[in-house]
1. From Asp89, Asp115, grab the single residue that is without any contact (Cβ under 8 Å) to a residue 24 or more places away in the chain and on the phi > 0 side of the Ramachandran plot.
2. Has segment 122-140 got at least one residue that is more than 20 Å from Gln13 (Cα to Cα), buried (at least 21 other Cβ atoms within 10 Å of the Cβ) and over 12 Å from the mean Cα position of the chain (by Cα)?
3. Name, by its number, the condition in (1) touching a residue at least 24 places away in the same chain (Cβ under 8 Å); (2) surrounded by 13 or more Cβ atoms within 10 Å (Cβ to Cβ); (3) part of a loop (DSSP other than H, G, I, E, B) that does not hold for Val34.
4. Looking at this structure, is Ser14 in contact with a strand residue (DSSP E or B) (Cβ under 7 Å, 6 or more places away or on another chain), under 23 Å from Ala145 (Cβ atoms), surrounded by 14 or more Cβ atoms within 10 Å (Cβ to Cβ) and not aliphatic (A, V, I, L, M)?
5. What is the one condition in (1) over 18 Å from the mean Cα position of the chain (by Cα); (2) modelled with pLDDT of 95 or more that Gly76 does not satisfy?
6. Within segment 149-164, take every residue that is out of contact with any Leu (no Cβ under 9 Å at 6 or more places or on another chain) and part of a loop (DSSP other than H, G, I, E, B) and give me the one that is nearest to Met40 (Cα to Cα).
7. Suppose we keep only residues that are under 14 Å from the mean Cα position of the chain (by Cα) and not β-branched (Val, Ile, Thr) within segment 92-103. Which one would you say is farthest from Gln17 (Cα to Cα)?
8. Any residue in segment 93-104 that is hydrophobic (A, V, I, L, M, F, W, C), out of contact with any Lys or Arg (no Cβ under 9 Å at 6 or more places or on another chain), surrounded by fewer than 18 Cβ atoms within 10 Å (Cβ to Cβ) and part of a helix (DSSP H, G or I)?
Amino acid sequence: TEAAMRGELDFQQSFRQRVSLLKGLPESALQTVVDTVPLMDGAERLTSTLKRLGYKMAILSGGFTFVGRELQRRLGIDFLHANQLDVRDGAVTGEVIPPIVDGARKAALLAEIADQENLSMEQVIAVGDGANDLPMLKLAGLGIAFRAKPVVRQSARQSISTLGLDGILFLLGVREREAASWS
């Protein structure tokens, strides 16, 4: 995972290998994972403030839909695109249902959502941390590396390394008092 996020391995190949290790895992174990996924610092404040400002938000993840759906529900995210594990007879098969959400797919999905929402790419903000986020970060009007791998920090126009996700609000010009009053 780390080597793929640093851009040292092909994401799709690495991803398929990692998914194959899940073969036979009971579907019930997926819920255990979901129940233990913590929110990143500042996630609730960021999403609630952006919602109040009229922003649409998407999760475009190289992770799994079963986790993404929970984050979407908890944070009020408008769009979700992630990888779907193939589950049959109550167990993970070790396969993923195509298409795999890799860097190219994230960029294509970002463009599709922007088009659907009648936004120019200059109006789009993308946030990412791994090499598979680079195409999306480059395509967006504002690409933000968040607690990212070095290759991503070096390529993104903006980078946040020590603040929570709500630090993005300051890049957008939202003052702390305003954000606090909307949270």
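1. Exactly one of Asp89, Asp115 is without any contact (Cβ under 8 Å) to a residue 24 or more places away in the chain and on the phi > 0 side of the Ramachandran plot, namely Asp89.
2. For segment 122-140, residues more than 20 Å from Gln13 (Cα to Cα), buried (at least 21 other Cβ atoms within 10 Å of the Cβ) and over 12 Å from the mean Cα position of the chain (by Cα): present.
3. (3)
4. Considered against the rule, which asks whether it is in contact with a strand residue (DSSP E or B) (Cβ under 7 Å, 6 or more places away or on another chain), under 23 Å from Ala145 (Cβ atoms), surrounded by 14 or more Cβ atoms within 10 Å (Cβ to Cβ) and not aliphatic (A, V, I, L, M), Ser14 comes out as no.
5. So the condition that Gly76 fails would be (1).
6. Per the stated criteria, the residue is Leu163.
7. Gly103
8. There is at least one residue in segment 93-104 that is hydrophobic (A, V, I, L, M, F, W, C), out of contact with any Lys or Arg (no Cβ under 9 Å at 6 or more places or on another chain), surrounded by fewer than 18 Cβ atoms within 10 Å (Cβ to Cβ) and part of a helix (DSSP H, G or I).
The values are calculated or read from the model by the stated rules, or taken from the named source; none is laboratory data. Values in this document were obtained by computation on a predicted structure and should not be read as measured data. Note: ideal-geometry Cβ built from the backbone for every residue, glycine included; neighbour counts use all protein chains shown.
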